[in-house]
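The values are calculated or read from the model by the stated rules, or taken from the named source; none is laboratory data. These figures come from a predicted structure and were not determined experimentally. A quick note on method: Cβ atoms are made from the backbone with ideal geometry, for glycine too, and the neighbour counts reach across all protein chains shown.
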Amino acid sequence: MAEETIFSKIIRREIPADILYQDELVTAFRDIQPKAPTHILIIPNHLIPTVNDVKASDEKALGRMMTVAAKLADEAGIAEDGYRLIMNCNKHGGQEVFHIHMHLLGGDFMGPLVS
Ligand code: 5GP
């Protein structure tokens with residue numbers, strides 16, 4: 001059984017977070033240490049530790065993460081200029097919180113990921 005992270009407490013509103021969106025499948029909130037003018041984390045409400053743990057039964061929540069990302073980018077006014085969606089996996093991916101999350105980053109030109 002995977003261990004809960006701080007993100008489960010955010011979902012249950014047991015600790016403060018700037019929650020921008022929540023429904024029965026996903027929650028989205030501002031990153032506490034933003035790396036871009038807009039930096040939002042979008043997470044499934046149920047615990048999936050890493051992308052390696054994703055199952056077919058998670059597809060509905062994962063799909064919702066995408067539609068919520070597009071909606072929040074639009075609301076933040078960054079959709080037309082563009083933005084970056086990132087999911088880090090394990091050590092080499094730089095994952096620090098083991099409850100999968102999509103980073104929505106935008107509001108500035110970020111350049112190519114690899115050059
Ligand atoms: P990772 O490196 O795992 O992909 O990203 C984890 C992200 O979670 C980091 O960008 C970090 O700033 C953010 N984070 C960690 N703890 C908290 C928290 O308690 N509240 C919020 N809002 N963000 C957090």
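Worth pointing out:
- Flag for A73 being surrounded by 15 or more Cβ atoms within 10 Å (Cβ to Cβ) and either of a type in the set (A, V, I, L, M, F, W, C) or farther than 17 Å from S8 by Cβ (or both): yes
- Filter result for A2 (more than 11 Å from the ligand (Cβ to nearest atom), free of Cβ contacts under 8 Å to residues at least 24 places away in the same chain and either in a loop (DSSP other than H, G, I, E, B) or among the hydrophobic types (A, V, I, L, M, F, W, C) (or both)): no
- Scan of the stretch 21-47 for residues that are more than 11 Å from the ligand (Cβ to nearest atom), of a type outside the set (S, T, Y) and closer than 13 Å to L72 by Cβ, ordered by number: Q22, D23, V26, I42
- Of all the criteria given as (1) within 16 Å of the ligand (Cβ to nearest atom); (2) free of Cβ contacts under 8 Å to residues at least 24 places away in the same chain; (3) not in a loop (DSSP other than H, G, I, E, B), the one not satisfied by R84 is (2).
- Qualifying residue in the stretch 88-102 (condition: touching a Gly at 6+ places or on another chain (Cβ under 8 Å), at pLDDT 95 or above and more than 9 Å from the ligand (Cβ to nearest atom)): no
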